[in-house]
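As structure tokens, the structure follows; a few thoughts come after it.
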Amino acid sequence: MARPLGVAIVGAGMGGLATAAALRRVGIEVAVYEQAQQFARLGAGIQVGCNAMKVLRLLGLEARMRQQSFYPRSWNNRDWRTGEVKFDMIFGESAERKFGAPYLLAHRGDLHAALASAVPAQCINLGHKLVGLDETGDGVKLSFADGTTATADAVVGADGVHSVVRDILFGATPVNFTGRIAYRTTYPASLLGGETIGDCTKWWGEDRHIVIYYVKPNRSEVYLVTSQPEPEFRIESWSAKGDVKELRKAFAGFSREVERVLAACPDVHKWAIVDRNSIEHWAEGNVTLLGDACHPMTPYMAQGAAMAIEDAAVLSRCLDGVEREGVANAFRRFEATRRERTTRVQETSRRNTWLREKTDTDWVYTYDAWSVPLAA
Ligand SMILES: Cc1cc2nc3c(=O)[nH]c(=O)nc-3n(C[C@H](O)[C@H](O)[C@H](O)COP(=O)(O)OP(=O)(O)OC[C@H]3O[C@@H](n4cnc5c(N)ncnc54)[C@H](O)[C@@H]3O)c2cc1C
């Protein structure tokens, strides 16, 4: 029997871990290399769309995700001041039946930990910052900042919006700063002093918005994320703190519910919102990009991680049964299968009109990465 394909994955974010789990399902050996020394539980929520949940189901994570996440009746879209409902996107059981999986609201740390639980710890190498890649006769050689190296039959660059793998393959190009920032945080719902809030509401203002939802099944934790203009701010880092007083000021005059949530908010992170245009190629030889490394997007559809997770399932199908000589073709097939969809989501997300009024959402949530036809 031929020896199993060995794939190195750069980055242990949502996309890298989902890819590791999906590739192992089809008998591929994986080694994940992550620059961070340890995983941190960062204060953020994440919407896990029905399309992503279909992937997580086959990775064995559905029960865990249901147990740890909030199951909203809808994603409601309301006017910032009057509270008028613009479009109430119903989730809950009817959407679960229609789209084939639940729509869940999770703590980002819970989703990340769930994905990590699907990959044996010995496959994950922390403290490995990739700095170089070379295709050799023996495979692809990876070089790390600490001077160590590794070799694999193929490499997946799941190293996020500032991907070093992309820079190595295609040259460095700057990200697109949107001129907008996001404040975000999670905090205990007990700080709301007994008041309840909507399950998941996006409050649409004139040049800014705020999304607020629960991230725990018993409504014990609240998450908020904003988008507002601030062209000079260019830091994307979990260590960048925002000023809660500034945040409250920026949303003064918004509905009472927003005021209450901001009044109770103890502290907040501040993050520059970036994206990129769709890039021309994702792969070169036996190296491919995946997730934010090739199709980063603004957060306005809550689909960035979902796209990376879908990528993982499709990539595993393209590589299933393939030997080293067939990898480059399999990577081209992966890109051909995924490009149109991810570009459409990038472009739709950039417009920031998703759900602002009655919206056709079927094309996003119906998609099943396990059964969608693969490109020829
Ligand atoms: C404010 C905000 C809200 C969002 N909300 C949602 C949402 O509700 N739903 C949703 O689906 N998506 C959401 N997203 C998008 C989502 O966070 C991203 O699309 C997703 O994290 C992309 O996953 P990834 O694995 O491609 O990249 P990342 O999660 O960025 O992971 C990349 C990993 O690679 C590592 N890495 C980087 N460089 C190197 C290197 N040289 N060597 C080794 N490792 C390296 C990094 O440390 C990191 O762990 C949101 C994004 C933002 C900014």
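Results, tabulated for the structure shown:
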{"quantity": "Net charge over other residues, Cβ less than 10 angstrom from the Cβ of residue 371 (K, R count +1; D, E count -1)", "calculated": "+1"}
{"quantity": "Highest to lowest packing among 169-175, 182-188, scored as the average C-beta count within 10 Å", "calculated": "182-188, 169-175"}
{"quantity": "Contour excess over end-to-end distance, with Cα ends at residue 263 and residue 370 and 0.36 nm allotted per residue", "calculated": "34.1 nm"}
{"quantity": "Sum of side-chain charges, residue 127 neighbourhood, beta-carbon under 15 Å (Lys, Arg +1; Asp, Glu -1)", "calculated": "-2"}
{"quantity": "Paired Rg and Dmax values of the stretch 224-376, which use every Cα atom, in angstrom", "calculated": "19.4, 61"}
{"quantity": "Rounded Å value of the spacing that divides the Cα centres of the stretch 165-190 and the stretch 257-327", "calculated": "11"}
{"quantity": "Cα-only Debye scattering, the stretch 1-147: base-10 log of I(q)/I(0) at q = 0.17 Å⁻¹", "calculated": "-0.99"}
{"quantity": "Between helix 304-319 and the chain: long-axis angle, C-alpha atoms, 0 to 90°, nearest 10", "calculated": "20"}
{"quantity": "Lysines whose Cα lies under 26 Å from that of residue 54, excluding same-chain neighbours fewer than 8 positions away", "calculated": "98, 202, 216, 358"}
{"quantity": "Residue-averaged [θ]222 nm for the chain, counting only DSSP H segments that reach four residues, each worth -39500 (n - 2.57)", "calculated": "-9000 deg cm²/dmol"}
{"quantity": "Accessible surface, per residue, of the stretch 311-376 when the full set of protein chains is kept, probe 1.4 Å, Å²", "calculated": "48"}
{"quantity": "Extension gain from residue 98 to residue 82, taking 0.36 nm per residue of separation minus the Cα-Cα distance", "calculated": "2.6 nm"}
{"quantity": "5 angstrom amide H check on residue 151, placed H, neighbours 5+ away", "calculated": "142"}
{"quantity": "Gained length - residue 66 relative to residue 280, 0.36 nm times residue gap less alpha-carbon distance", "calculated": "73.3 nm"}
{"quantity": "Amide H partners (placed H, <5 Å) of residue 125, local residues excluded", "calculated": "32, 33, 34"}
{"quantity": "26 Å tail of the calculated P(r), the chain, as % of Cα pairs", "calculated": "50"}
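The values are calculated or read from the model by the stated rules, or taken from the named source; none is laboratory data. On a predicted model such as this, the values are computed, not experimentally measured, just so you know. Cβ coordinates were reconstructed from backbone atoms using ideal geometry, including for glycine residues, and neighbour counts include every protein chain displayed. Only protein heavy atoms, including side chains, enter the accessible area calculation; ligands, DNA and RNA are left aside. Shrake-Rupley method; radii C 1.70, N 1.55, O 1.52, S 1.80 Å.
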